[in-house]
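Below is one structure, written out as structure tokens; comments come after it.
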Amino acid sequence: MSALDLVIASCLADYDPNALPVDSAKTIIREFLSPVTSRERVALRTALGRVLGEDLLSTIDVPAHNNSAMDGYAVRASDLHADGPTQLRRIGNAFAGRAFAGTMGAGECVRVMTGAVMPLGADTVVVQEVTREAGGMVIIPPGQKAGENMRFAGEDLALGKLALPAGKLIRPAELGLIASLGIGEVAVKRRLRVAFFSTGDELASIGQPLAEGQVYDSNRYTLHGMLTRLGCEVIDMGVVRDDPASLESALLDAAANADAVITSGGVSVGEADFIRSLLARLGDVVFWKIAMRPGRPMAFGRIGHGPDAARFFGLPGNPVAVMVTFYAFVRDALLTMAGRTDAFALPRLQVASRTALRKKPGRTEYQRGIVEQDSNGKWSARLTGQQGSGVLRSMSEANCLIVLEHERGDVAPGDLVTVQMFEGLV
Ligand code: AMP
Ligand code: MG
């Protein structure tokens, strides 16, 4: 029994490789992932889209000083009358980047702009809109709250405290946050290296004429796109013929150069047999029939032995099935391997289905959908049309996957369905 078989046996008593539920496959895959450890230092802008390699402690207080959150007057709360207006003498101004030099005493106030350092002696800011100023005197109405309209030193990031944890994706917010600490260079985890190739005697590459019975290899392009967007370093190994010697050398080559190897095609019944025996020799791979549609056949395991063995994902050949299995299994696995520790699961939302959907209980279905808003402002989902697993147009027209869960049966119009949106914020 291989190590993979042992884990499968231990984590799933009812494991059935002929109808493996999606969630069970995810659980098994998760047991077999190890994150990259090596790191590199890069200039801050270059870190966009990378995974933070170290805990980042705050080297300063942000903001560095107590300052005003509004345009108004800095006052002493103890001067203000609760039951009537208060008159204070204005003794100066403070601007962002230009502080008031003196100290405020009783009965005094300072005009402050947003971001100005709080004058010494002041503890509250009264917004300009409620005040009146005449002849150097400022009238403050009753009802002000002590300490309001101020930002406190360190309230965003406190000196010495954790600013960002290792494993966090660096998005625009993190770029700005790191910049707010004055840090210009960060350690990021090295990019995950992913090698992939397509298998199939019927595949032609772009630039070749199509002979009878051939199709252009599109899977390598969708994979290139999905992997690149995930932040991986991609190694595109082209098309490999359905012949054991070529497949063996391609798999060994891929595993030697990459953390993960992805193939498309060649895992369905009838085709899988020689790949199966090949992989049994080269590593540790299981072939599954997943209870899902599209994307039923899939293989997972390792090529090579030992902790550095490349993880292997053998995806089906059909172009839609490649994308659906990638989003269902491979995406999260690769993000774990890339060292992400933040919450990266794609959110799933519930919206009403515009139409009836046919669905057989006992498998998870991923239908290609469009979520849109009607004239009443209500969001609902509909299908893109033809749902065949070879119809890549269905993915291109879609803005979401409608995920019909394992146990679920037919959907009536108006029923809530789960959707996974394709696009997020930039
Ligand atoms: P397979 O899983 O190898 O039996 O392939 C299933 C279907 O997907 C067949 O119709 C193949 O021609 C098609 N297919 C396989 N690989 C690719 C590819 N790289 N690009 C486009 N279609 C493919
Ligand atoms: Mg094939």
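Below, the figures for the structure above:
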item: Residue order, fewest to most surrounding Cβ atoms within 10 angstrom, among Trp379, Trp288; result: Trp379, Trp288
item: Selected from Thr336, Thr355, Thr114 as most flexible by GNM, with the chain as the system and alpha-carbon contacts under 10 Å; result: Thr114
item: Fraction of antiparallel bridges per DSSP, the chain only, in percent to nearest 5; result: 70
item: For the range 348-421: relative contact order, % (alpha-carbon pairs under 8 angstrom, 6 or more apart); result: 49
item: FRET efficiency, 1/(1 + (r/R0)^6) with R0 25 Å, evaluated for Glu407 and Ala343 via beta carbons; result: 0.45
item: Kirkwood-Stokes translational diffusion coefficient of the chain, alpha-carbon pairs, 37 °C, 0.692 mPa s, µm²/s; result: 127
item: FRET efficiency, 1/(1 + (r/R0)^6) with R0 45 Å, evaluated for Phe152 and Glu423 via beta carbons; result: 0.75
item: Hydrodynamic radius by Kirkwood, which averages 1/r over all alpha carbon pairs of the range 274-414, in angstrom; result: 16.9
item: Dipole-positive endmost among Leu247, Asn67, Leu52 within the chain (Cβ charges, Cα centre); result: Asn67
item: Listed residues Val138, Leu392, Pro165: farthest to the positive end of the dipole of the chain (Cβ charges); result: Val138
item: Counting DSSP beta bridges with both ends in the range 80-149, the antiparallel % (nearest 5); result: 60
item: Burial ranking of peptide ranges 41-48, 218-225 (average Cβ count within 10 Å, highest at the top); result: 218-225, 41-48
item: Positive-end residue, the range 286-422 charge dipole about Cα centroid, Cβ charges, pick of Pro319, Phe329, Gln367; result: Pro319
item: Electrostatic dipole magnitude of the chain [Cβ: Lys, Arg +1; Asp, Glu -1; Cα centre; debye, to 20]; result: 520
item: DSSP beta bridges in the range 39-190 [antiparallel fraction, %, rounded to 5]; result: 85
item: Estimated dipole of the range 67-151 in Debye, rounded to 20 [Cβ of Lys and Arg +1, of Asp and Glu -1, Cα centre]; result: 200
item: Centroid-to-centroid separation of the range 188-216 and the range 47-94 [C-alpha atoms, Å]; result: 57
item: Dimensions (Å) - the range 315-394, Cα atoms, principal axes, largest first; result: 43, 31, 26
item: Set of aspartates and glutamates near Lys378 by C-alpha distance (under 20 Å), chain-local residues within fewer than 8 positions excluded; result: Asp415, Glu423
item: Relative contact order of the range 67-151, defined on C-alpha pairs under 8 angstrom at six or more residues apart (%); result: 42
item: Magnitude of the charge dipole, the range 115-192, Cβ model with Lys/Arg +1 and Asp/Glu -1, debye to 20; result: 620
item: Degrees between helix 244-257 axis and first principal axis of the chain (Cα, 0 to 90, nearest 10); result: 20
item: Relative contact order, percent, the chain [alpha-carbon distance under 8 Å, six or more residues apart]; result: 16
item: DSSP-assigned coil residues among GluC sites (Glu not before Pro) in the range 13-94, each with at most 16 further Cβ atoms within 10 Å; result: Glu54
item: Equivalent-ellipsoid semi-axes of the range 67-151, from the Cα gyration tensor, Å, largest first; result: 18, 13, 11
item: Estimated [θ] at 222 nm from DSSP helical runs (n ≥ 4, -39500 (n - 2.57)) normalised by residues in the chain, nearest 500; result: -5500 deg cm²/dmol
item: Cα centroid separation - the range 143-184 against the range 268-286, whole Å; result: 52
item: Most mobile listed residue (Ser394, Ser68, Ser24) in the chain, GNM with C-alpha springs under 10 Å; result: Ser68
item: Cα-only radius of gyration and Dmax that characterise the range 265-333, units Å; result: 11.8, 33
item: Rh (Kirkwood; distinct C-alpha pairs) - the range 348-421, Å; result: 12.3
item: Cα-derived Rg to Rh of the range 40-189, Kirkwood definition; result: 1.16
item: Relative exposure of Asp410, Asp253, judged by other C-beta atoms within 10 Å (fewest first); result: Asp410, Asp253
item: Estimated Rh, the range 182-317: Kirkwood, alpha-carbon pairs, angstrom; result: 15.8
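Laboratory data are not the source of any read-out in this text; all were calculated from the coordinates shown. On a predicted model such as this, the values are computed, not experimentally measured, just so you know. When we count neighbours, we look across all protein chains shown, and the Cβ atoms used for this are built from the backbone with ideal geometry, even at glycine.
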